[in-house]
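Step one of this worksheet: look at the structure below.
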Amino acid sequence: MSRVTIQDLEKKKKEGQKITMLTAYDALFARIVDAVEVDVILVGDSLGVVVQGKENTLSVTLDEMIYHTQMVSRVAQHALVIGDMPFMSYQVSVQEALKNAGRFLQEGGASGV
């Protein structure tokens, strides 16, 4: 089972095939989702509500998102892992957005944001 690439997703889209994506916030669920060979696993900032019990996603931090993305990236063998950039991690400036996106790739192990 090889890792899904952006090129694989582009090919599926061009050929009219469906692209599958599910959300996982930790290693346990990432293993389950990856086992059914979805194309993409999204580590969403919705973890603030689902995992942390917050009323909304506004207070989810970049460090929390990177931490959860690390857990998912460590165990995903097939799916492309995408990290969801939380509120105010990209709105301040293009430079700040690029720096934070780079952290997802470098520290979180994500393939994209």
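Once both labels are modelled 7 Å past Cα along the beta-carbon direction, what's the Ile32-Leu105 spacing in nm?
Distance between the two pseudo-spin positions: 3.2 nm.
Once you list every other residue whose beta carbon is under 11 Å from the beta carbon of Leu62, what net charge do they have if Lys and Arg are +1 and Asp and Glu are -1?
Here the charged neighbours net out to -4.
Peptides 86-93, 62-69: what's the order by average Cβ count within 10 Å, highest mean first? Write down the numbers at each step before the final one.
Numbers: 86-93: 14.4, 62-69: 20.5.
Top of the packing list down: 62-69, 86-93.
Taking the mean number of other Cβ atoms within 10 Å as a proxy for protection, how do you rank 18-24, 73-79 from highest to lowest?
So the order, starting with the most tightly packed, is 73-79, 18-24.
About the Cα centre of segment 1-93, what is the dipole size in debye to 20, counting +1 per Lys and Arg Cβ and -1 per Asp and Glu Cβ, all else neutral?
It comes to approximately 300 debye.
Using a cut-off of 11 Å between beta-carbons, work out the net charge of the residues near Val33 (Lys and Arg +1, Asp and Glu -1, Val33 not included).
So the environment of Val33 carries a net charge of -3.
None of the figures in this text is laboratory data; all of them are computed from the coordinates on show. Quantities reported herein were computed from a predicted structural model and do not represent experimental measurements. Using ideal geometry, Cβ is built from the backbone for each residue, glycine included, and neighbour counts are taken over all protein chains shown.
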